[in-house]
Amino acid sequence: MESKAIQFLEAHRSETASSFVEEAARRKENSNWLRWSQQLAVTLIGYMQDHGMKRGDLASRLGVSPQYVSKLLSGSENLSFKSIANIEDRLGITCLTMA
């Protein structure tokens with residue numbers, strides 16, 4: 001006899017296959033630039049907190065859409081050095097430092 005937990009899990013099983021393995025492989029393959037992107041996200045979140053800003057406020061200051069700010073704050077956006085320099089110039093901060 002199956003337990004209630006097993007019955008529950010089977011009743012709520014997704015028809016879509018998990019992409020966990022593919023996502024883990026992508027993260028491993030891109031770990032270096034993801035680390036930089038996450039550092040940028042943490043810096044931007046700190047900036048927003050220090051200045052009492054919301055995503056829309058940051059978007060206005062950067063001259064981008066709130067959706068783009070959401071991508072930046074997710075820590076998974078692959079940015080060019082030019083994009084990072086633009087963010088630093090518009091906010092007057094340093095986002096990334098060389099170790």
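Does the range 57-99 classify as rounded, prolate or oblate by the C-alpha gyration tensor (a ≥ b ≥ c root eigenvalues; a/c under 1.5 gives rounded; else a/b over b/c gives prolate, otherwise oblate)? Please report the intermediate quantities before stating the final value.
Values: a/c = 1.98, a/b = 1.27, b/c = 1.56.
Cα axes put the range 57-99 in the oblate bin.
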Among the lysines in the chain, how many pairs, 8 or more places apart or on different chains, have alpha carbons under 26 Å apart? 5
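Express the Stokes-Einstein translational diffusion coefficient of the chain in µm² s⁻¹, to the nearest whole number, given a Kirkwood radius over alpha-carbon pairs, 37 °C and a viscosity of 0.692 mPa s. Could the numbers behind the result be given before it?
Details: Rh = 16.1 Å.
Rounded, D is 204 µm²/s.
Counting other C-beta atoms within 10 Å, and keeping those with at most 15, which DSSP coil trypsin sites (Lys or Arg not before Pro) do you find in the range 4-98? Display every interim value, and only then the final one.
Details: sites: K4, R13, R26, R27, K28, R35, K54, R55, R61, K71, K82, R90; in loops: R13, K54.
Those that pass, being in a loop and sparsely packed, are R13, K54.
So which GluC sites (Glu not before Pro) in the chain are both in a DSSP loop and have at most 13 other Cβ atoms within 10 Å of their Cβ? If you can, show how the numbers build up before the last one.
Numbers: sites: E2, E10, E15, E22, E23, E29, E77, E88; in loops: E2, E15, E77.
Here the sparse-neighbourhood loop sites are E2, E15.
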Nearest 10, in degrees from 0 to 90: the angle of helix 20-29 to the longest Cα principal axis of the chain is 30 degrees
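I need to check one value: relative contact order of the range 18-91, counting alpha carbon pairs closer than 8 Å and at least 6 residues apart, in percent. Write out the running numbers ahead of the final one.
Values: 48 pairs, mean separation 26.5, N = 74.
RCO, the range 18-91: 36 percent.
Each reported figure results from applying straightforward, stated rules to the coordinates on display, with no laboratory input. Keep in mind that what you see is a predicted model, and the values were worked out from it rather than measured. No Cβ is skipped: glycine too gets one built from the backbone with ideal geometry, and neighbour counts run over all protein chains shown.
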